[in-house]
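These notes concern the structure reproduced below.
Each reported figure results from applying straightforward, stated rules to the coordinates on display, with no laboratory input. Because the structure is predicted, anything quoted here is derived from the model rather than measured. Using ideal geometry, Cβ is built from the backbone for each residue, glycine included, and neighbour counts are taken over all protein chains shown.
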Amino acid sequence: AGNYNYNATYIGEGLLASSQTTGTFNVAANNYRITGNNINAYYGANKNYKIQLLNNNKPVKDAIIIIKINKNTVQVKTDNQGYATLKLSLKAGKYTITSTYKNIKVSNKITVKPTLITKNKKIKKGKTLTYTAKLLNKNGKKLKNKKITFKINGRQKPIKKESLKSKSKTSKKENTK
């Protein structure tokens, strides 16, 4: 990278006269940059992680990007616009995803939210426990008329359908005697 001078000379031959010229040219340094975004989605939303590789603000095509998420590493090739896309299929949780090209890295956060939401409860023996669950689709919208079964100490506790039709939350009372 940098500015260079050149001198070109033709000594001539036969009817062709000799010629000489000088000049300069610039070789731009590689200035690679990777861009990506954080992702927040519900489980099952079929999201893609998309990053773009640029060199001097121009897309780099057919480059191999190394993408690492948790302990898994994959290689993804960029398209004509410099984009590399990885289809995500992750369990609910928080992840860091890192994309690398040569020595250039970008890290993003991925949050996969659960679609069945409950809370842990503690109760004293002999008391009645009320517990609730909320069931969402992959877009975070409430699902209605679906059966949820609670398991307490290995025993299944089905929920009555009437409570599912009328409420977005479902609940179950359990006597702990």
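For this structure, a couple of remarks:
- Net charge of Cβ neighbours under 14 Å - reference Arg33; Lys, Arg +1; Asp, Glu -1: +3
- Electrostatic tally near Asn48: other residues with Cβ closer than 15 Å to its Cβ, Lys and Arg +1, Asp and Glu -1, net +4.
- Inter-centroid distance (Cα atoms) of segment 15-57 relative to segment 58-75, Å: 15 Å
- Given charges at beta-carbon only (K, R positive; D, E negative), |dipole| of the chain in Debye: 3440 debye
- Cα-Cα P(r), the chain, percent of pairs per 10 Å interval: 8, 22, 17, 14, 14, 10, 5, 4, 3, 3, 1, 0
- Once the chain from Thr132 to Ile104 is taken as fully extended at 0.36 nm per residue, the excess over their C-alpha distance is 5.4 nm.
- In segment 89-127, the trypsin sites (Lys or Arg not before Pro) that fall in loop regions by DSSP, at most 16 other Cβ within 10 Å: Lys91, Lys102, Lys119, Lys121, Lys122, Lys124, Lys125, Lys127
- Segment 1-64: proportion of alpha-carbon pairs further apart than 13 angstrom, %: 78 percent
- Greater than 22 Å apart at Cα, pairs in Lys50/Lys102; Lys125/Lys151; Lys61/Lys94; Lys58/Lys105: Lys61/Lys94
- Over the chain: helical MRE at 222 nm, DSSP H runs n ≥ 4 each giving -39500 (n - 2.57), nearest 500: -1000 deg cm²/dmol
- Per-residue extension of 0.36 nm, minus the Cα-Cα distance of Lys144 and Thr22, leaves a gain of 36.1 nm for this segment.
- Taking the Cα centre of segment 86-158 as origin and assigning +1 to Lys and Arg Cβ atoms and -1 to Asp and Glu Cβ atoms, the resulting dipole is close to 400 debye.
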